[in-house]
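One structure below.
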Amino acid sequence: MNNTEVVEAVDVVVIGAGQAGLSSAYHLRRTGFEPDRDFVVLDHSPGPGGAWQFRWPSLTYGKVHGMHALPGMELTGADPERPSSEVIAAYFDRYERTFDLRVRRPVDVRAVREGRDGRLLVETSAGAWSTRALINATGTWDRPFWPRYPGQETFRGRQLHTAQYPGPEAFAGQRVVVVGGGASGTQHLLEIARYAAATTWVTRRPPVFREGPFTEDVGRAAVALVEERVRQGLPPKSVVSVTGLPLNDAVRQGLADGVLDRQPMFDRITPTGVEWRDGRRLDADVILWATGFRAAIDHLAPLRLRESGGGIRVEGTRAVADPRVHLVGYGPSASTIGANRAGRAAVRDIRRLLAGIPEPAPEPEPEPGVESVAA
């Protein structure tokens, strides 16, 4: 940072204006913090909507399972046939204006580091902020995970990630390999199969399909598994990764039709396709990597919060290594209802921190319900 650059001082900086960031901003506003004076919300996206604004057109609002409303304002009357990117972006826009959250965008946060007098310094493309506390709500959409396989750079076809998925029509007449055993992979396959010349589903592990309803008990057990990883300082896994894939009517039909005929992971990529260790080859025009995302937290690197296991150890939402930093929408709170509750919890803890009130002895948190969201 340039030493002559003006640094604005606030009590709280919120990074990210998706579900987690807006929930946090709402609870800050509700408990007496004034936007611009006491807190600021920074978002790198061009407009409201968080990661939803980048979702593919065929993911209509009716296909989004369990979208939980932001606190204080329900989402009602949405057309289920309209793209979720449009519905939710419009909803977030209305929410920001209704509660006067004054999100600043587009602002890229480059680094968060130790500042002066016990404050944090947030360096961005739009200047710098000095803050007493930080709510990091950056999600995962900006960090798509691309596995590496021998020969990958030689492939003459097209490779793309879920983050770049344009919709099924773009694959008309092509031979498509979809890699990934999560919800996105199965959704892509079921859509693309109607247009492509051929599809092949490849996963590292055999998929696990979940029979029956997604009950509260199932949700609690899933959250507990994700939460334990975060407590240990390991990179979080998604809730869906520990619950399995819902066996709904579309998936049952895909299994019956052979669209969801899973193949083991190939061993290398060739110029014209993929190859297994036993010598079997498959020609392909496209490899679609539905291989998930990682937490977008590189800007926190100067604070040295990562544990030896590769993740940030978190209690509730608070980074154990630095109580000024809260991660919302990270690990067990990476669902729409989880993000709402985590935003409220982070603001409660930050109020205590700013007031100089010692942290209470740890108590069992009420276990949130969890919903699966089309990814």
When you go through (1) in contact with a helix residue (DSSP H, G or I) (Cβ under 8 Å, 6 or more places away or on another chain); (2) in a helix (DSSP H, G or I); (3) closer than 30 Å to residue 184 by Cβ one by one for residue 51, which number turns out not to apply? (1)
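This table checks each residue for (1) at pLDDT 95 or above; (2) charged (D, E, K, R); (3) under 30 Å from residue 175 (Cα atoms); (4) buried (at least 19 other Cβ atoms within 10 Å of the Cβ).
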site: 237; (1), (2), (3), (4): no, yes, no, no
site: 247; (1), (2), (3), (4): no, no, yes, no
site: 269; (1), (2), (3), (4): yes, no, yes, yes
site: 273; (1), (2), (3), (4): yes, no, yes, yes
site: 280; (1), (2), (3), (4): yes, yes, yes, no
site: 284; (1), (2), (3), (4): yes, no, yes, yes
site: 310; (1), (2), (3), (4): no, no, no, no
site: 317; (1), (2), (3), (4): no, no, no, yes
site: 326; (1), (2), (3), (4): yes, no, no, yes
Kindly indicate which of 157, 180, 173, 185 is surrounded by 17 or more Cβ atoms within 10 Å (Cβ to Cβ), farther than 26 Å from residue 246 by Cα and in the same structural domain as residue 250 (by TED's automatic domain parsing). 157
Could you tell me whether any residue of the stretch 299-306 is at pLDDT 95 or above and either closer than 30 Å to residue 74 by Cβ or hydroxyl-bearing (Ser, Thr, Tyr) (or both)? no
Of 313, 352, the only residue that is among the basic types (Lys, Arg) and in contact with a Gly (Cβ under 8 Å, 6 or more places away or on another chain) is 313
Modelled with pLDDT of 95 or more, surrounded by fewer than 19 Cβ atoms within 10 Å (Cβ to Cβ) and assigned to a loop (DSSP other than H, G, I, E, B) - does that describe any residue in the stretch 4-27? no
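The values are calculated or read from the model by the stated rules, or taken from the named source; none is laboratory data. All of these numbers come straight from a predicted model, not from anything done at the bench. Cβ sites come from the backbone with ideal geometry, for glycine too, and all protein chains shown count toward neighbours.
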